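The values are calculated or read from the model by the stated rules, or taken from the named source; none is laboratory data. Every value quoted in this text rests on a predicted model; they were computed, and no experiment measured them. Cβ: placed from backbone, ideal geometry, glycine included. Neighbour counts: every protein chain shown.
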Amino acid sequence: MPGNCLLVISKNEGVNPISIADQAIESGIIDKVIISDGSNQETFNRLKKKETKKIEVISEKKFVKTNEIGKGIGMINGGLAALEQNFDCIGYIDGDIYNPNIGKWFEFLFEPLDKNVDVVKAAFSRNPTDGQITRHITKPLIAMFFPNAWEIDQPLGGELSLKKEVLKDIFTKGIAPPYGWGIDSFITMKSLMYGYTIGEVYLGQKMHGKKTLTNLQKMFIECFQEAVRMIQHFYGLPVRKKINPITMISSPFKRNPSFDDTYMDIKKEAERSLDSFKLLKKMYLPHDDLFYEIKEVNDFDSFYKKTQAININIWVELLYWLIKKYSPEYINQYFYRWKIRALSFCLHEINTVEQAESRTAFQAKAASDFMYRIGARQSVDDSSKKMYFYQRA
């Protein structure tokens, strides 16, 4: 069946996915919505009763046979369902979004696929304290290891669209997709390494559920490990395709410079984290003593003073070495260091939305420039097999 298919990935979001589906169909851009749902049986049945000719609800494991859980399962499952029905273009949206006007998004998510764009990623205005995994992990790592791609703003967003052939290649060729939070890193990085053109379009402000830094440990671990897996895979390829620059797609949406200041109380977040920082261990990497000193901190004022040193240049170099010397047994140590960097960023570098986005872009550019300074090649369309990271036997 030709046309555009939207996949809503949901888990215990009540009937909100139906609201999203209704808006999608009303937009005139979407021909069918498939809700890939991993809810409990009661919620799944409620969604199932809302099915129409254009809205289909499927269990998130209809096409994925596993006992594991995770966001990736829902996205893989929905993608395989859409591919089976032979839609030309396939989009994703998270089921927890409650914006009243998302119907306006779909024109800008799908129409660029008719041009020279293979994947469209959505970017949104975000609270300065939001997006800390993107700001300090995924975006700078892409900048380090995927030349030309450092300008991508929000590589982990769940709102995107792809051409049918692109999604099929990403899910069925080469390295297999993950079942957890790393799925967004996988799609973005694999699109880059396969030589597809990624376009990014700004769609305004996204209203959805939020998490504090303390609640992001599982997401951090899965996103970080997936980034390492994809970097190792990319640099292990005998022949690499040229990475295309990010294409910026214009839209009429206005950037929102103001957000609710109470989204995250950074001081309280730091105070409640001090006990966990007692678990820091020396890793004997460049600059890591600055992080290890925080182990001895017992109050916010001391933490505030100590974290002033954890700036962009310190973080970029340490992040490089975390990848170069990566070992899964230290993953919780990586998490503590990321959390300290995120808190330092919020405490010392930003006061406004504009500052947060500017500093995030500056950090990504610093990561890209760092690779030049140490003599690492930024062109990967050659036969060089030089490895920039630790390879386990």
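Here are a few things to note about the model shown:
- In the stretch 23-61, the residues that are under 22 Å from Pro2 (Cα atoms), surrounded by 14 or more Cβ atoms within 10 Å (Cβ to Cβ) and out of contact with any strand residue (DSSP E or B) (no Cβ under 8 Å at 6 or more places or on another chain): Gln23, Ser27
- Taking the stretch 153-260 and the helices (runs of 4 or more DSSP H) fully enclosed by it, the elements with 2 or more residues that are assigned by TED's automatic domain parsing to the domain that holds Gly95 and more than 18 Å from the chain's Cα centre (by Cα) are at 164-172, 217-236.
- Residues that are in a loop (DSSP other than H, G, I, E, B) and polar (S, T, N, Q) were ranked within the stretch 35-63; the one that is nearest to Gly91 (Cα to Cα) is Thr52.
One line per residue, one yes/no per condition, for (1) hydroxyl-bearing (Ser, Thr, Tyr); (2) surrounded by 22 or more Cβ atoms within 10 Å (Cβ to Cβ); (3) touching a residue at least 40 places away in the same chain (Cβ under 8 Å):
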{"position": "Leu141", "(1), (2), (3)": "no, yes, yes"}
{"position": "Lys164", "(1), (2), (3)": "no, no, yes"}
{"position": "Pro177", "(1), (2), (3)": "no, no, yes"}
{"position": "Gly180", "(1), (2), (3)": "no, no, yes"}
{"position": "Phe186", "(1), (2), (3)": "no, yes, yes"}
{"position": "Leu192", "(1), (2), (3)": "no, yes, yes"}
{"position": "Tyr196", "(1), (2), (3)": "yes, no, yes"}
{"position": "Lys211", "(1), (2), (3)": "no, no, no"}
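- Some residue of the stretch 311-321 being part of a loop (DSSP other than H, G, I, E, B), polar (S, T, N, Q), modelled with pLDDT of 95 or more and farther than 17 Å from Cys223 by Cα: yes
- Looking across the stretch 81-108, the residues that are among the hydrophobic types (A, V, I, L, M, F, W, C) and surrounded by 19 or more Cβ atoms within 10 Å (Cβ to Cβ) come down to Ala81, Ala82, Phe87, Cys89, Ile90, Ile93, Ile97, Ile102, Trp105, Phe106, Phe108.
- Subset tally (residues that are part of a loop (DSSP other than H, G, I, E, B) and among the aromatic types (Phe, Trp, Tyr)) for the stretch 117-152: 2
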